[in-house]
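The values are calculated or read from the model by the stated rules, or taken from the named source; none is laboratory data. Keep in mind it's a predicted model, so treat the numbers as computed, not measured. For neighbour counting, all protein chains shown are included, and Cβ atoms are generated from backbone atoms with ideal geometry for every residue, glycine included. When the accessible area is computed, the model is the full protein with side chains, heavy atoms only, and any ligands, DNA or RNA have been set aside. Shrake-Rupley method; radii C 1.70, N 1.55, O 1.52, S 1.80 Å.
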Amino acid sequence: MTANKELLIPIDIKDVKLVDWLVDRSIVNRLWNEECSELRDLLKQVGEEECPLIDIAGEIVSPIHYHNAVKILQALEDSPFGTKNLIGQYNHEYTAKWARIVKLFEKDSTFLADSAKYIIQNVKYDIPLFKKQIARATQIKQDSIKKQGDCSNNINKYQIKYREKCCDIGIVGDHVRSELKNLVGDIPAKISDIAGDIGTLQQALSYYQVFARFLINDPDLEVCPLLFFISQHGNGTVSQYETGTLPTPESDSDSSVEIIEPIETHDNNGCVIVSSEMDNDKDSPISMDISNDIITQDPAPEVESDIDFGIDTIDFGADIDFGDDIIDCGDIDFGDDEIEISVMESGEEQKNELVLDNTTTRNKIIDELYELSAFLTSRRDELSRHSENILSEIPECPPEIQTTQIENVENMVSEVDKPLSKLTNDKMRHLLLLKNSEKYLDRLTDRLQSQLRLCDKMEDSIEEMKQRISEAERTYEDVEPKMKRAIETTKLLKACVETELRKKYKGRPVRIMGDINTL
């Protein structure tokens, strides 16, 4: 009874300790691996030779273990290559080699140690490695698909952002640089439109000025002079604003100097008179009387000469100083009778600019618009908080302040906001910078096209993700069959080892425990 009970107790063996267990119980020789040199040579030979039986060619894959060697030998024995001679030897050399391999496997139960070795190799190393490779390939594929979707979304975002920026500036975006250059031609019309809007601010400006003069008690106080100037004279020049005079045809030639060839004559005393005709007024000569310079007129000796200078009676002497005002033109021929030399004074080019085109005056106009807008907004808030105008209770309060209602102030605020928003929006800012700077044109073009370059980078990333997905799929397709084959082989070897050990222990149950059961 006791012996029967012992036969029912299973023998549990740890999978990674299976070879040591077999050696400790003397089931296999301790030096079994070193004695298998002939077996390894035969396995190498049959692996390099071409199998004559096509049906089992797929079974001859490395590593070859005892059980598929038995399967191959059985297939060869059932084929024409399995015939034997009178003494029981195989006629075909290839079949004889496989018979030798099976015999060497069975010698001293070497096949048990060999099967245990493959079980340990697969459970501890190969199968976990295959699982990691498959998991990594699967993760790479999932991440690449996700990143590919993100790149596609980013491309749409960058394109939308690019179109929005182009729309804000006022271009389509197909040919950025040329479209930006064409925008500069729209500036005069926009400036004229802004000047027209400022021209409608006379009521608001008058209201502000009356209010400021009343509070400060200064009847000569001037507020927002540039806005007053534009509302009265339109978009005039800086010079017109500074001088307060309208441009005339004569003023255009003020900066030119007219050089007219002088004409020398003599008065009754023999003095030289330098005169010139001024336009059509011949009665206004410019004369220089040099009679005060102590000139002695000694009769000049007669000199025989073929040259007649026309002046025989004047001797200027050797030490005569004609002063700094006398110009000796000699015999120089100036060509035209009238020569004009344009002299550009410092800052004249800026003074000829329109006030809304000049950077300095335009910034002042924007400041004045902000000032006027802040005043009107403050007045609107004051009137909305008080039902009656507090200032109207003061006897000296001007009637313009007393009669102005909140609706009028709100209308003034709206009128001021129109030119202010047009002058300060991004589109106008870009236009003015484009007009004055070629470098800004390059920077703005590069800034807009940077969105398209980001799209190109996303396109490159998408192509890279596609390649990574393809590589991950190839890795998966290559590794998965190997892992399945290793798992199937491991389970087969486990069952065979348990069966053989059960025979050696008179039917006692043998179980190989460990990670092998979770494959």
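Key figures for this structure:
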quantity	calculated
Cα gyration tensor shape for region 372-519, rounded if a/c is under 1.5, else prolate or oblate	oblate
Solvent-accessible surface ranking, highest first, for GLU488, GLU371 at 1.4 angstrom	GLU488, GLU371
Area of THR200 that stays accessible when all protein chains are in place (1.4 Å probe, Å², to 10)	80
Average accessible area per residue (Å²) across region 150-196 - probe 1.4 Å, nucleic acids and ligands excluded	58
Cβ-defined net charge surrounding ASP78, 12 Å radius [Lys, Arg +1; Asp, Glu -1]	-1
Solvent-accessible area of ARG443 with every protein chain in place, 1.4 Å probe, in Å² to the nearest 10	130
Cβ-Cβ FRET estimate between GLU471 and SER152, R0 fixed at 25 Å, reported to 0.05	0.80
Segment VAL102-ALA374, length gained on full extension (0.36 nm per residue, minus Cα span)	87.6 nm
Within-14-Å neighbourhood charge of CYS167 [Cβ basis; K, R +1; D, E -1]	-1
Rounded accessible area per residue of region 1-148, 1.4 Å, Å²	61
Solvent-accessible surface ranking, highest first, for TRP98, TRP32 at 1.4 angstrom	TRP32, TRP98
Residue-by-residue Karplus 3J(HN,Hα) for region 367-373, coefficients 6.51, -1.76, 1.60, Hz, glycine and proline x	4, 5, 5, 5, 4, 5, 5
Contour minus Cα-Cα distance for GLN209 and ILE54 (0.36 nm per residue)	44.9 nm
Net charge over other residues, Cβ less than 13 angstrom from the Cβ of ASN235 (K, R count +1; D, E count -1)	-2
Label-zone membership for region 462-486, site LEU519, 7 angstrom Cα→C-beta point, backbone N under 11 Å	483-486
Non-local Lys pairs in region 94-179, i.e. 8 or more apart or on different chains, that have alpha carbons under 16 Å apart	6
Prolate/oblate/rounded label for region 9-107 (Cα gyration tensor, a/c 1.5)	prolate
Cβ-derived FRET efficiency at R0 56 Å, GLU382 paired with ASP193, nearest 0.05	0.95
Separation in nanometres of the label points that stand 7 Å from Cα toward Cβ, at VAL61 and SER421	7.4
